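The values are calculated or read from the model by the stated rules, or taken from the named source; none is laboratory data. Treat the numbers as computed from the prediction; the structure is a model and nothing was measured. Here Cβ is always computed from backbone atoms with ideal geometry, including for glycine, and neighbour counts include all displayed protein chains. Accessible surface areas use protein heavy atoms only, side chains included; no ligands, DNA or RNA. Shrake-Rupley method; radii C 1.70, N 1.55, O 1.52, S 1.80 Å.
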Amino acid sequence: MDGLIDWSVLGQPKFDRYVEALIQREYGSQPGVRVVPSRGGVKDGGIDIALHRDGVLDTIFQLKYFPGGMSGGHSKRKQQVKESFETALSRHTPRLWVLVTPDNLSPDEQAYVDALPGDRPVEVDYYGRD
């Protein structure tokens, strides 16, 4: 186990709650951190956590509980990430879109995420285990 939390066996609901708490702790002193509910079949529009600055949506956090990454036998996960990204950007114009996963991305997975914006003016980043 790396660190204090074994992210790979935590399960998706706890992963979401822990990440939400960490984001709230990091940005909570700033107004505008909002967890977007998607429980019970309600779609979140490609946003799990939204960070507003000066009343404008600045950062979208998309949480994907993907232990084992997005490669090999998990390649369909890349499509899920792309769909979440495309959905979010079809409705919003954030400065930054952040993918959050329980594992670190491989170099190929990082390249995939980095290429998502194409020529659109949005930065992408990813938070993993480290």
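Taking residue 82 as meeting all but one of (1) open to solvent by less than 30 Å² (accessible area, probe 1.4 Å); (2) among the charged types (D, E, K, R); (3) within 12 Å of the chain's Cα centre (by Cα), write down the number of the exception.
Result: residue 82 passes all but (1).
Is one or more of the residues making up region 64-77 outside any loop (DSSP other than H, G, I, E, B) and crowded, with 20+ Cβ neighbours inside 10 Å?
No - not one qualifying residue is present in region 64-77.
Looking at region 49-63, which of the residues that are open to solvent by less than 60 Å² (accessible area, probe 1.4 Å) and of a type in the set (A, V, I, L, M) is farthest from residue 7 (Cα to Cα)?
Of everything passing the filter in region 49-63, 57 is farthest from residue 7 (Cα to Cα).
Which ones in region 36-93 are modelled with pLDDT of 85 or more and among the acidic types (Asp, Glu)?
Answer for region 36-93, where residues must be modelled with pLDDT of 85 or more and among the acidic types (Asp, Glu): 48, 54, 58, 83, 86.
With 50, 88 as the choices, which residue is closer than 19 Å to residue 27 by Cβ and in a helix (DSSP H, G or I)?
88
Tally time: how many residues in region 95-124 are under 20 Å from residue 51 (Cβ atoms), open to solvent by less than 60 Å² (accessible area, probe 1.4 Å) and either modelled with pLDDT under 95 or not in a loop (DSSP other than H, G, I, E, B) (or both)? Walk me through how you get there before you give the answer.
Taking region 95-124 first, the residues under 20 Å from residue 51 (Cβ atoms) are 95-101, 113, 116-117, 120-124.
Subsequent filtering for residues that are open to solvent by less than 60 Å² (accessible area, probe 1.4 Å) retains 96-101, 113, 116-117, 122, 124.
Imposing the further condition that a residue be either modelled with pLDDT under 95 or not in a loop (DSSP other than H, G, I, E, B) (or both) reduces the set to 96-101, 113, 124.
Adding up the residues that qualify gives 8.
How many residues are open to solvent by less than 40 Å² (accessible area, probe 1.4 Å) and either over 12 Å from the mean Cα position of the chain (by Cα) or over 17 Å from residue 56 (Cα atoms) (or both) when one looks only at region 85-94?
Summing the residues that are open to solvent by less than 40 Å² (accessible area, probe 1.4 Å) and either over 12 Å from the mean Cα position of the chain (by Cα) or over 17 Å from residue 56 (Cα atoms) (or both) in region 85-94 gives 3.
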